[in-house]
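Engineer: Below: one structure in structure tokens.
The numbers here are math on the coordinates, done by the rules we state, and not lab data. Computed from a predicted structure; not experimentally measured. Every residue, glycine as well, gets a Cβ built from its backbone with ideal geometry; the counts of neighbours run over all protein chains shown.
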Amino acid sequence: MTARREIEAVTERIRLRSKAAREAYLARIDAAAGETVHRAALSCGNLAHGFAACQAADKAALSGDRVPNLGIVTAYNDMLSAHQPFEPFPQLIKKAAHEAGGVAQVAGGVPAMCDGVTQGQPGMELSLFSRDVIAMSAAIGLSHNMFDAAVFLGVCDKIVPGLVIAALSFGHLPAVFIPAGPMTSGLPNDEKARIRQLYAEGKVGRDALLEAESKSYHGPGTCTFYGTANSNQMLMEMMGLHTPGSSFVNPNTPLRDALTREAARRALAITALGNAYTPVGRMIDERSVVNGIVGLNATGGSTNHTLHLIAMAASAGIAITWQDIADISAAVPLMARVYPNGLADVNHFHAAGGLGFLIRELCAEGYLHADVRTVWGEGLEAYAVEAVLGPDGTVERRPAPEKSGDEKVLAPAGKAFQPSGGIRVLDGNLGHAIIKVSAVKPEHRVVEAPAAIFHDQAELQAAFKEGRLDRDVVAVVRFQGPRANGMPELHRLTPPLGVLQDRGHKVALVTDGRMSGASGKVPAAIHVTPEALDGGALALLRDGDTVRVDAVAGRLEALVEPAEWAARTPAVADLSAHHAGFGRELFAGFRQLARRADQGAGAFGDAA
């Protein structure tokens, strides 16, 4: 089965653009496969250090080169709800490995920070760069050269992209990603958003806000809205890095544990020591990346992946662009309505048929490359299933339901919510930007209004509280790019801007920072590049300039006379307060090396 012409066209131009980098990458991982998957190549001293802490049977097994050893890379910590469920996973994996005739060791841990904790706080300015730290941390663990395959335990925003970059850097090894699952449903997301807006207006106090937040984020597992964390899980399944049907099973359930054991066994089954060798660097190709982009748009996923997908693909020698993402968005229908693109949460999506239903529909309509390789074998159609617990405690799979359990949450392709995915590229004299309109009502998709300029999100919040923004306004928050202050999310601006919109004003946000996987009803032109600190035109804007954000025509413009525009000198900002404290001084090198947002906004990784 071939994909639709529009999907094939984007895939082919990615393939041609990436040809030289991809060939060099494949040559490198092929050479690594010939050199490093046999522990017998290690000296006796190397090997003795590598299994010194193992039990006697594992030492004996690892002394040769015929028993596969599985490296576990974990993002476990017990502060964050999404990663706390990983605590027992290494023991589950080790037991499953022994039963399958292999060995498993924890290769290393990686940091996992939560943007929900750091929103609006200094720590948010480390958030994006934590992706690169995670990639490097995982690489250090795998560099001991003890492993025939690896499993990766991670869920949230920067963790999964960082782990994918590391996995592809060790592309000669098979890699299976093992999720922990979402927390059970709590306070409905629309009610949480309502309380946030009331708090922003001063109509309820902190006690009411904390009570609402605590009822929403109430237990172990991923947050239930469809932000970057749950978009990550969708991507891993769409790209064939999960076992089928495993993304959205709740933590601490028998099925979750059975899926974890099964993933460990599958990772051992696809090493070079068997007959189904599946090195992740060859498994993930241009078609896999395009499938991920299709899934992102079909589900209304996180805008953060317009950064992460570029960085992830580059690690495999594949060069994608914002235009690739936008062109796929234009061709792919929006089939899911999960908050902030609807009222449902990810548990409702899963119950309605979830990714199994979605993948079957997308494959049947030619939106996906169904003939890709996955960790499960050949073909993505094997993922058009629902995973259930069998009578013997193992995983069984049955075909995804023929009909959606709730077409208000998950629609068939023929009844899609809109004909396009909603991620668009804006161009104009202010630069290039990303906008996500799947949650923005059509009447709010074009905003032309005077600019209010801020160099810090706290300045905007103060202006709102003082009543200075109670009008039509394009709020411009600049000097928020990766080179300026690490490109923080500005999600705390959603409630005040939402209040202004609800009052009947025309409102938009323009920023060289990030918004969030939870971008919502206010149009937001984000990731503006070049950023203000790096010669971007945002630095030329002045308070009161008329700015047009046009998500229909794809324009981002300052309506200023060309002669006046050309004569302006860029504004400057004192960013010293953002460069020290809370560890930010340790990331000075990352800020200096950071690439543009449309190049992935990382400190390394270039497939071009």
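Engineer: Could you rank the peptides 242-248, 557-563, 343-349 by their average count of other C-beta atoms within 10 Å per residue, with the highest value first?
Structural biologist: 242-248, 343-349, 557-563
Engineer: Which value in nm describes the separation of the simple spin-label points at Ala566 and Arg398, placed 7 Å from the Cα toward the beta carbon?
Structural biologist: Between Ala566 and Arg398, the label points sit 7.0 nm apart.
Engineer: Exceeding 18 Å between C-alpha atoms, which entries from my cross-link table qualify? They are Lys436/Lys521; Lys203/Lys506; Lys203/Lys465; Lys192/Lys521.
Structural biologist: Violating the 18 Å limit, Cα to Cα: Lys203/Lys506.
Engineer: Next up: Between Ala458 and Leu210, how high is the FRET efficiency from 1/(1 + (r/R0)^6) when r is the Cβ-Cβ distance and R₀ = 22 Å? Nearest 0.05.
Structural biologist: Computed FRET efficiency for Ala458 and Leu210: 0.60.
Engineer: Starting from the Cα of Leu586, move 7 Å in the Cα-to-Cβ direction to define the label point; list residues of the range 119-143 whose amide nitrogen is under 20 Å from there.
Structural biologist: The answer is 119-142.
Engineer: Could you pull out every one of the aspartates and glutamates with an alpha carbon less than 16 Å from that of Lys415, ignoring same-chain neighbours closer than 8 positions?
Structural biologist: Excluding near neighbours in sequence, the set is Glu361, Glu365, Glu402, Asp406, Glu407.
Engineer: On a C-alpha basis, how far is the centre of the range 407-445 from the centre of the range 102-117 in Å? Whole number, if you could?
Structural biologist: 34
Engineer: Using a basic spin-label model with each label point 7 Å from the Cα along Cα→Cβ, how many nm lie between Glu448 and Arg4?
Structural biologist: 3.2
Engineer: Expected output is a single nm value to one decimal: the length gained when fully extending between Leu343 and His144, i.e. 0.36 nm times separation in residues minus the C-alpha distance. What is it?
Structural biologist: Full extension from Leu343 to His144 adds 67.0 nm.
Engineer: Another one. If a/c stays under 1.5 just call it rounded; otherwise compare a/b with b/c (prolate if a/b is bigger, oblate if not). Do that for the range 194-320, with a ≥ b ≥ c from the square roots of the Cα gyration tensor eigenvalues.
Structural biologist: Note, shape of the range 194-320 comes out oblate.
Engineer: Tell me, what is the FRET efficiency for Arg555 and Gln91 to the nearest 0.05, using R0 = 51 angstrom and their Cβ-Cβ distance as r?
Structural biologist: 0.40
Engineer: Taking the alpha-carbon centroid of each part, what is the distance from the range 161-179 to the range 70-97 in angstrom?
Structural biologist: Using only Cα atoms to place each centre, the spacing works out to 16 Å.
Engineer: Which helices, taking whole DSSP H runs in the chain, have alpha carbons extending 20 angstrom or more along the helix axis plus mean Kyte-Doolittle at least -1.0?
Structural biologist: 5-36, 127-142, 254-269
Engineer: Something else: Straight-line reach only, C-alpha to C-alpha below 27 angstrom: list the lysines that Lys19 could link to, leaving out same-chain residues fewer than 8 apart.
Structural biologist: Here the lysines satisfying the reach criterion relative to Lys19 do not exist.
Engineer: Based on the Cβ-Cβ distance of Lys415 and Lys19, what FRET efficiency does E = 1/(1 + (r/R0)^6) give at R0 = 41 Å, to the nearest 0.05?
Structural biologist: 0.55
Engineer: Report the residues of the range 53-76 in range of a label on Cys44: point 7 Å along Cα→C-beta, backbone N strictly under 16 Å from it.
Structural biologist: 60, 63-64
Engineer: Would you mind ranking Leu80, Leu493 by Cβ crowding within 10 Å, fewest neighbours first?
Structural biologist: Leu80, Leu493
Engineer: Hey, fewest Cβ within 10 Å first, where do Arg206, Arg492, Arg503, Arg194 land in order?
Structural biologist: Arg206, Arg503, Arg194, Arg492
Engineer: Still on this structure, I have one more. Sort Lys415, Lys506, Lys465 so that the residue with the fewest other Cβ atoms within 10 Å of its own Cβ comes first and the one with the most comes last.
Structural biologist: Ranked by crowding around the Cβ, least crowded first: Lys415, Lys465, Lys506.
Engineer: Quick check: pseudo-label points 7 Å beyond the Cα along Cα→Cβ at Asp78 and Asp406, how many nm apart are they?
Structural biologist: 3.4
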